[in-house]
Amino acid sequence: MKKILVPIGTSPDAHETLQYAVDLALEFSSQVYVMEVFNAQSGAGSLTNIEEIVAESSREHLKEVIDKVNAKNVDIKIATYNGDLIDGLKDIDIELGIDLIVIAPRSNDIREELYLGYTSGKIIKRTDIPTLIVPRGTAFKPYKSILTAFKSGILKRKRILTALIDIKKRFNAKVNLLLVKTPGYSDDDLKIDTALLDISSHLTLTENSTTYLGVLEHFQVQHPDLLCVFRRKRGFFKNLWEKSTIPKAEFSSRIPVLVLSVKKD
């Protein structure tokens, strides 16, 4: 895990998310990229250098955020992008090869009833880069126990586990699997990829109406430091395929959540 990206919005708490990413990066000797996206278009009669002006303003904002964190000798670089957020994330991934995105749950959305706001939900929904959702105010601590929850244990690409495997190895963490049988499950859903079994310490099978409710039942027993889920069409965040926000009534977590994307699922 060599390159970590932190998209920065207008939240006054953005430095908290960046500090978490820096502390995590220190463990992996990673570089951290802070990124801000803006939209600047020069129309007829407007200033021809409007993009440069806005880009410079964005860089100054990022510098202000960086100045609020303890860098701890971690290499922090600035990236700005003029255009769409997702296009920017994809372009910087193509250019640099991002291993992990670190975001806060609500991003720029201040509505307290939301776990994932529009911007953070859009990142989860439309990118295939592993994403770590860090609750606001959370201080980094090594992960000792990781609960990996899913309703289907079949993985079409083994490398989607790379981020999870890196974290497990670095912190010598125990990975506990939770297979939640939900209504309408098939026998194929009960099959578990050997790559998952190979990194796990324990497997639990449970039945519930949703994967999230299954997780809630086992949170108090296992006390994990990190929750890992898969973003797939029939998976944990399936409602993100219909909308880009998640109310706390549907899902919430007081611990960091690692979202691994399963493409073409």
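General remarks:
- Rounded accessible area per residue of the chain, 1.4 Å, Å²: 48 Å²
- Phi-derived couplings, Karplus 6.51 cos²θ - 1.76 cosθ + 1.60 at θ = phi - 60°, listed residue by residue for the stretch 213-219: 5, x, 5, 4, 5, 9, 4 Hz, with x used for Gly and Pro.
- Mean shadow area of the chain, taken as a quarter of the surface of its Cα convex hull (nm²): 14.7 nm²
- For THR204 and LYS158, the FRET efficiency from 1/(1 + (r/R0)^6), where r spans their Cβ atoms and R0 equals 30 Å, is about 0.85.
- Taking all protein chains together and rolling a 1.4 Å probe, PHE28 ends up with roughly 30 Å² accessible.
- Listed residues LEU96, VAL22, LEU196: farthest to the positive end of the dipole of the chain (Cβ charges): LEU196
- Normalising the average separation of contacting C-alpha pairs (under 8 angstrom, six or more residues apart) by the number of residues puts the relative contact order of the stretch 71-180 at 22 percent.
- The angle between the Cα long axis of helix 50-67 and the longest principal axis of the Cα atoms of the chain comes to about 60 degrees, rounded to the nearest 10.
- Adding -39500 (n - 2.57) for every DSSP H run of four residues or longer, then dividing by how many residues the chain holds, sets the calculated 222 nm ellipticity at -9500 deg cm²/dmol.
- Among the listed pairs LYS77/LYS144; LYS90/LYS158; LYS90/LYS181; LYS68/LYS90; LYS3/LYS141, those with a Cα-Cα distance over 25 Å are LYS77/LYS144; LYS90/LYS181; LYS68/LYS90.
- Relative contact order (%) - criterion: Cα under 8 Å, at least six apart; region: the stretch 121-225: 32 percent
- Taking label positions 7 Å along the Cα-Cβ direction at both TYR185 and SER29, the computed distance is 4.2 nm, reported to one decimal.
- On the basis of the beta-carbon distance and an R0 of 30 Å, LYS77 and ARG126 show a calculated FRET efficiency of 0.80.
- Rounded to the nearest 10 degrees, the angle from helix 162-171 to the longest Cα principal axis of the chain is 80 degrees.
- Straightening the chain between ASP67 and LYS169 buys 33.6 nm, computed as 0.36 nm per residue apart minus the Cα-Cα spacing.
The values are calculated or read from the model by the stated rules, or taken from the named source; none is laboratory data. Just so it is clear, the model here is predicted, and its values are computed rather than measured. Cβ atoms come from the backbone with ideal geometry, glycine included; neighbour counts cover every protein chain shown. Accessible surface areas use protein heavy atoms only, side chains included; no ligands, DNA or RNA. Shrake-Rupley method; radii C 1.70, N 1.55, O 1.52, S 1.80 Å.
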